[in-house]
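**Student:** Quick one: the structure is below, questions incoming.
The values are calculated or read from the model by the stated rules, or taken from the named source; none is laboratory data. Please read all numbers here as calculations on a predicted model, not as lab measurements. When we count neighbours, we look across all protein chains shown, and the Cβ atoms used for this are built from the backbone with ideal geometry, even at glycine. For the accessible areas, the whole protein counts, side chains as well, though only heavy atoms, and no ligand, DNA or RNA atoms are used. Shrake-Rupley method; radii C 1.70, N 1.55, O 1.52, S 1.80 Å.
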Amino acid sequence: MENWIVPIVLVAIAAVTAAGKMIYWMGEVNADRKGINEFMKEIRDDIKKILRRLPAPTTKSSSPIQLTELGRSISDELNTRDWVDRIAPSLTERVKGKRPFEIQNFCFDYVKDEFEPDAAQLLRLQESAYENAIDLDGVLDVFAIELRDRLLELTGASTPNSGEVATPAHP
């Protein structure tokens, strides 16, 4: 009987060692899966950021950014130019001396952060977004481009949609 004890002990040690290695391996696999899940989450977040940077269907990536046919249609539908004619004169001091790019950034920031439409106007903006299958930001981009063009005109920084920088009267 003593001859069987050594092989049984060796088999038991081998089984415990194999089980330990299996448990260790499973831990490594689970760690890898967690790492892959975190990596996939990062990729999804990056894709979302990229998609947010894509221009709305109301604007086209040209120099300078211009309204698409849909953008012009929304502008006409919402009488955006009337709003721009009312608001732009009060903003000219804030953009005086800025370059066209800075005026453009100001306009996008102003429309997204400071523009507060009244209840009726907000309803019209939302209806336009819904009817044109775009988000509200796409509608607001129309306001920003129209505002930019008017401020460029008022400040003499450039002529709307030309991309040409006007020479200032005073350096």
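**Student:** For A129, are the conditions met, namely being open to solvent by less than 80 Å² (accessible area, probe 1.4 Å), without any contact (Cβ under 8 Å) to a residue 60 or more places away in the chain and of a type in the set (G, A, S)?
**Tutor:** It is true that A129 is open to solvent by less than 80 Å² (accessible area, probe 1.4 Å), without any contact (Cβ under 8 Å) to a residue 60 or more places away in the chain and of a type in the set (G, A, S).
**Student:** Something else about it: Give region 84-114 a look and list any residue that's open to solvent by 20 Å² or more (accessible area, probe 1.4 Å) and within 11 Å of R150 (Cα to Cα), or say none.
**Tutor:** Of everything in region 84-114, those that are open to solvent by 20 Å² or more (accessible area, probe 1.4 Å) and within 11 Å of R150 (Cα to Cα) turn out to be D85, R86, I87, P89, T92, Q104.
**Student:** Scan region 48-73 residue by residue and report those that are more than 13 Å from D141 (Cα to Cα), under 19 Å from the mean Cα position of the chain (by Cα) and at pLDDT 85 or above.
**Tutor:** P64
**Student:** Determine whether region 124-131 contains at least one residue that is among the aromatic types (F, W, Y) and modelled with pLDDT under 95.
**Tutor:** Checking region 124-131: at least one residue is among the aromatic types (F, W, Y) and modelled with pLDDT under 95.
**Student:** Here is a further query. Answer yes or no: is there a residue in region 141-163 that is at pLDDT 90 or above, open to solvent by less than 90 Å² (accessible area, probe 1.4 Å), closer than 17 Å to E69 by Cβ and of a type in the set (S, T, Y).
**Tutor:** no
**Student:** Cβ contacts < 8 Å: first residue touching a residue at least 60 places away in the same chain (Cβ under 8 Å), restricted to region 74-103; second residue of a type outside the set (V, I, T) and open to solvent by 80 Å² or more (accessible area, probe 1.4 Å), any location; separation 6+ or different chain. Result?
**Tutor:** S75/R81; L78/R124
**Student:** Now for a different question. Just to check your reading of the model, which residue among D46, D76, D32 is farther than 30 Å from I134 by Cβ and open to solvent by 70 Å² or more (accessible area, probe 1.4 Å)?
**Tutor:** Selected residue: D32, the only one of D46, D76, D32 that is farther than 30 Å from I134 by Cβ and open to solvent by 70 Å² or more (accessible area, probe 1.4 Å).
**Student:** Just one of (1) in a helix (DSSP H, G or I); (2) under 30 Å from V139 (Cα atoms); (3) of a type in the set (A, V, I, L, M); (4) modelled with pLDDT under 80 trips up I43, so point out which.
**Tutor:** Here I43 meets the rest and fails (4).
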